[in-house]
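The values are calculated or read from the model by the stated rules, or taken from the named source; none is laboratory data. All of these numbers come straight from a predicted model, not from anything done at the bench. Please note: Cβ atoms are built from the backbone with ideal geometry, for glycine as well, and neighbour counts cover all protein chains shown.
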Amino acid sequence: MPITEGNEIVKCEGADGSKKLEYGGKVILAPMVRIGTLPMRLLALQYGADIVYSEELIDWKLLRSRRVENQILGTVDYVDETDGTVIFRTHPKLERHQVVLQVGTSDPQRALQVAKKMEGDVDGIDINMGCPKEFSLKGGMGAALLYKPDTVKEILETLVKNIPRKAISCKIRVLEDLEDTLALCRIIENTGVVALAIHGRTKKERPQYPNRNDVISRISQQLKIPIIANGGSKEIKCFEDIEKFREVCGTSSVMLARAAMWNCSIFRKDGMLPLHDVIRDYLRLCVDFDSQATNVKYVIQNMIGELQSETSWGRTFLGAQTLEEICAVWELDEYWKEKQKEFGAQLHQGSVAGAMAEMGSCRNRVIEMPATFLRKHYKDTELPNCRKSWDQPIYETRQEEKIFRSIVTLNGMKFTSLPGIDANAFDPKGPLQHHEADEPSRPC
């Protein structure tokens, strides 16, 4: 099993002769909810990360998705069949051999179904066993698994046995008692996983608590598989600090969450870049891969922190509602326009112009349009309810599980926005939106 040195992605032989991702000597982007989408993962790789994790994705959500090869973007998309939103997007060339899917699950068979469904598009499957949020705990996922060693064993053994071509791993938090933590880690190692990531805080401890680097070190001394140290963002201010953190923890690899979220160029050996340069690099990737404006805004808000209210450009950014407007703050609005021309009408199935042209032949169906309502773009006399020659708009909202889909009937035609268009943030009536509540961002 040859292993090379340095930052090159290292592979080792699997039991069936296939190549597996290897975790020794790596610097890794941690899974972070709403942060670890394709643009951030590609940005981390661009700056020097060796491996990147997806945000935690829940098993049942992935199981209700369908795989779509996006010819326009060059990506593989897993699309939610209930509302058409993209759950997971990967680029088979730009992050191949470096991307790990993190799954939230409490059931071995659901975990296996997800792994079988997606193993062709990722290089590793990681099980989240550390998320302390209520949503995960109530579902028996995340940190709830820390106290269910039998379930942990069954999930991991099921994946290792049935997905031999992919690297299976998990990520945990430490327990209050060192011996209990060591016992759990030995159970995990004996399942045959290729690596174990450890966040050095307990389920109850939040970022203000010190990371238990000594506990991670003790675990690393007693296990043979690669241990990935996590939780040291307060200690890591530059690239050199990554190695210091690794040495303190005595591990083979380091995983960065908040430090990478604040300034992803932390992965650069040649030094960190100014924050505005990082944001521009991130925005170009968001434009390249058609990211949703609300999520892009959320990520940048986490990057700039208090600057969004303390600076004039930050306040301008806060008022931005579309990806074009966000790009304009960093003088990338022309780049956005050029990309939109490049994508053309193919990017969104049913542009506004295309939908209007079809009006005569689609009286009995709902027309999907990428139409976000921006009140400032309209005069009072241009609003639908001010058109005296038209009937008043009729709104209908339908619910399928947690998904809400609203349809407006106007002048005899039915319209709805494309999935992911966040109309409700801008329109008091919120007429044209698919919506599913998201939890606040968190390291997984």
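Looking across LEU196, LEU159, one residue alone is in contact (Cβ under 8 Å) with a residue 24 or more places away in the chain, within 23 Å of ASP123 (Cα to Cα) and in a helix (DSSP H, G or I). It is LEU159.
Residues being surrounded by 15 or more Cβ atoms within 10 Å (Cβ to Cβ) and either outside the structural domain of MET261 (by TED's automatic domain parsing) or touching a Gly at 6+ places or on another chain (Cβ under 7 Å) (or both) are entirely absent from region 183-192.
Each row is one residue, and each column tells you yes or no for (1) in contact (Cβ under 8 Å) with a residue 60 or more places away in the chain; (2) within 17 Å of the chain's Cα centre (by Cα); (3) part of a loop (DSSP other than H, G, I, E, B).
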position	(1), (2), (3)
GLU69	no, no, no
THR82	yes, no, yes
ARG96	no, yes, yes
LYS117	no, no, no
ILE127	no, yes, no
THR151	no, no, no
ASP180	no, no, no
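Scanning region 84-120 for residues that are surrounded by 18 or more Cβ atoms within 10 Å (Cβ to Cβ), closer than 29 Å to SER417 by Cβ and among the charged types (D, E, K, R) turns up just one, ARG89. For region 42-62, the count of residues that are over 15 Å from the mean Cα position of the chain (by Cα), of a type outside the set (Gly, Ala, Ser) and closer than 25 Å to CYS131 by Cβ is at least one.
When ASP290, ASP281 are checked against the criterion of being under 23 Å from GLU338 (Cβ atoms), among the acidic types (Asp, Glu) and part of a helix (DSSP H, G or I), ASP281 stands alone in meeting it. In region 50-65, the residues that are over 16 Å from THR90 (Cβ atoms) reach residues that are part of a strand (DSSP E or B) and among the small types (Gly, Ala, Ser) with C-beta atoms within less than 6 angstrom, at least six apart or across chains, in these pairs: ILE58/GLY104.
Please find, among MET255, MET272, the residue that is outside any helix (DSSP H, G or I), at pLDDT 95 or above and within 17 Å of VAL174 (Cα to Cα).
Working: MET272 fails: within 17 Å of VAL174 (Cα to Cα).
The unique qualifying residue is MET255.
Scanning region 199-229 for residues that are touching a Cys at 6+ places or on another chain (Cβ under 8 Å), in a loop (DSSP other than H, G, I, E, B) and among the β-branched types (Val, Ile, Thr) yields a total of 0.
Of all residues in region 1-56, exactly one satisfies the criterion of being touching a strand residue (DSSP E or B) at 6+ places or on another chain (Cβ under 8 Å), at pLDDT below 95, acidic (Asp, Glu) and closer than 23 Å to ALA229 by Cβ, namely GLU22.
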